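Notes for the one structure printed next.
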Amino acid sequence: MSLGGSATEEDGDLIAKLFGSVGKLWRADEKLFDAITGLSGSGPAFIYLAIEALADGGVAAGLPRALALGLASQTVLGAASMVTKTGEHPGKLKDDVASPGGTTIAGIHELEKGGFRGTLMNAVIAAAKRSRELSQS
């Protein structure tokens, strides 16, 4: 949230209390809102694609569709929960579960060959750019 010029700190506290009761709230300068839209507004769709792709991978590896989708969605939920609850950097958490020569590092290697992180970063940047364009029209 960003307080307008005529809003008081008390107004901000009230809004924070109201919205904080249903989710997490951050204060940010209004100039950051296009980037916030690119990440937080468009990000859920990017994660839905990731969940779908993980489930499709599970199916390709022999799992029934319903089981694959359940496992994929719970895997994402669990990973997000670990980042939130531990406060650890995601890179450290990734390193903690990637054993030398193991299955996880083999999969990470494939993701890196495909430009996974750069693709996600570019998606956020493209969405932020489009938000800027839409706000100027």
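Leaving out ligands, DNA and RNA, what percent of the accessible area of the chain is carbon and sulfur, probe 1.4 Å?
Summing carbon and sulfur atoms, their accessible area is 64 percent of the total for the chain.
If you average 1/r across every pair of different Cα atoms in the stretch 55-109 and take the reciprocal, what Kirkwood value do you get, in Å?
Final number for the Kirkwood radius of the stretch 55-109 is 12.5 Å.
Can you figure out the FRET efficiency of L67 with H89, using R₀ = 25 Å and their beta-carbon distance, to the nearest 0.05?
0.20
May I ask you to give the solvent-accessible area per residue for the stretch 1-86, in square angstrom, as obtained with a 1.4 angstrom probe?
73 Å²
Summing +1 for each Lys or Arg and -1 for each Asp or Glu, what net charge is found among the other residues whose Cβ lies under 15 Å from the Cβ of R117?
-1
Set Lys and Arg Cβ to +1 and Asp and Glu Cβ to -1, take the dipole of the chain about its Cα centre, and tell me which of S99, A16, M1 lies farthest positive.
Going by the charge dipole, the pick is S99.
Helix 43-60: angle to the longest alpha-carbon principal axis of the chain, degrees 0 to 90, nearest 10?
10 degrees
Once both labels are modelled 7 Å past Cα along the beta-carbon direction, what's the L3-F46 spacing in nm?
About 3.1 nm, to one decimal.
Enumerate lysine pairs in the chain that are 8 or more residues apart or on different chains, then count those whose Cα atoms are under 21 Å apart.
For the chain, qualifying lysine pairs total 5.
For S99 and R130, FRET efficiency with R0 = 30 Å and r from the beta-carbon atoms, rounded to 0.05?
That gives a FRET efficiency of 0.15.
Which of rounded, prolate or oblate describes the stretch 28-86 when judged by the alpha-carbon gyration tensor and an a/c cut-off of 1.5?
Judged from the Cα gyration tensor, the stretch 28-86 comes out oblate (a/c at least 1.5, b/c at or above a/b).
The values are calculated or read from the model by the stated rules, or taken from the named source; none is laboratory data. From a predicted model like this one, the values you see are computed outputs, not experimental measurements. Neighbour counts run over all protein chains shown; Cβ positions are idealised from the backbone, glycine included. Keep in mind that these areas ignore ligands, DNA and RNA; they rest on the heavy atoms of the full protein, side chains included. Shrake-Rupley method; radii C 1.70, N 1.55, O 1.52, S 1.80 Å.
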